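Input: a single structure, listed below in structure tokens.
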Amino acid sequence: MSSDEYTYRAGTIKDKAELKELTILSYSPFTTLLNAEHANKLTATLKDEKRMDALIANSKSFVCIYQNKIVGMAFIVPHGNPWEIFKAEWSYIRMLGVHPDYQGNGIGKKLTQMCITFAKENKESIIALHTSEFMNAARHLYESLGFKKSKEIEPRFGKKYWLYLLELDKQNL
């Protein structure tokens, strides 16, 4: 598969079912790295309809399409929507996910870049995100795009997590 076979666009409410399915497909492989209790908790979180509905309602989503199927997704929540570790004045990326069969093809990078572009256009000053010790590819991706590890946060699912921030240069808008 070459990168020119993928198309990217903003997500819509019509994508809801596919986004929910992709959430489970892209994050479920991590359950093998967790103990049974934490794996069950992660699975329940991934399947939480209300949580996904709230994310869709409060964010801008971007998707990657391959052969008429969504194989990648990312959500950026604009400032004014605080959530657990994210301050109200920050925008933040949630649920960057790529179908396991399509990982390693630059989809996550392109979707993250789309989120950054949207944040700049929306005059955001900071993009935040969180990621964990078992998401090595994600950490490498975020760091390559300029995100800086801000601090270690409360463990989730029994694993270390960090808050990352990207300060946007408003002069380059």
Rg (one decimal) and Dmax (whole number) from the Cα set of segment 1-100, in Å, equal 14.3, 41
The chain, relative contact order in percent, only Cα pairs under 8 angstrom and at least six apart counted
19 percent
Suppose only helical runs count, i.e. DSSP H with n ≥ 4. What mean residue ellipticity at 222 nm does that imply for the chain under -39500 (n - 2.57) per run, divided by all residues and rounded to the nearest 500 deg cm²/dmol?
-10000 deg cm²/dmol
Farthest toward the dipole's positive end in segment 1-88, which of 34, 78, 19, given Cβ charges of +1 (Lys, Arg) and -1 (Asp, Glu) about the Cα centre?
78
Less than 12 Å Cβ to Cβ from residue 94, Lys/Arg counted +1 and Asp/Glu -1: what total charge do the surrounding residues give?
+1
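Starting from 0.36 nm per residue, how many nanometres of slack lie between residue 144 and residue 65 once their C-alpha separation is accounted for?
Difference between extended and current length: 26.1 nm.
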Can you check what the net charge comes to around residue 11, using other residues whose Cβ is under 15 Å from the Cβ of residue 11 (Lys, Arg +1; Asp, Glu -1)?
+4
Using the Cα atoms as the points, what is the convex hull volume per residue of segment 67-120 in Å³?
93 Å³
Regarding segment 13-55, what are the three Cα extents along the principal axes, ordered largest first, in Å?
35, 17, 11
Taking Cα atoms of the chain, Rg/Rh with Kirkwood Rh, to two decimals?
0.94
What span do the alpha-carbon atoms of segment 67-162 cover on each of the three principal axes, reported in whole Å from largest to smallest?
38, 35, 21
Rounded to whole Hz and in sequence order, give me ³J(HN,Hα) for segment 143-151 from the Karplus expression 6.51 cos²θ - 1.76 cosθ + 1.60, θ = phi - 60°, writing x for Gly and Pro.
5, 5, 9, x, 5, 10, 5, 8, 6
Greater than 32 Å apart at Cα, pairs in 20/148; 41/120; 14/151
41/120; 14/151
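Rule-based calculations on the coordinates, nothing more; no lab input. From a predicted model like this one, the values you see are computed outputs, not experimental measurements. Note: ideal-geometry Cβ built from the backbone for every residue, glycine included; neighbour counts use all protein chains shown.
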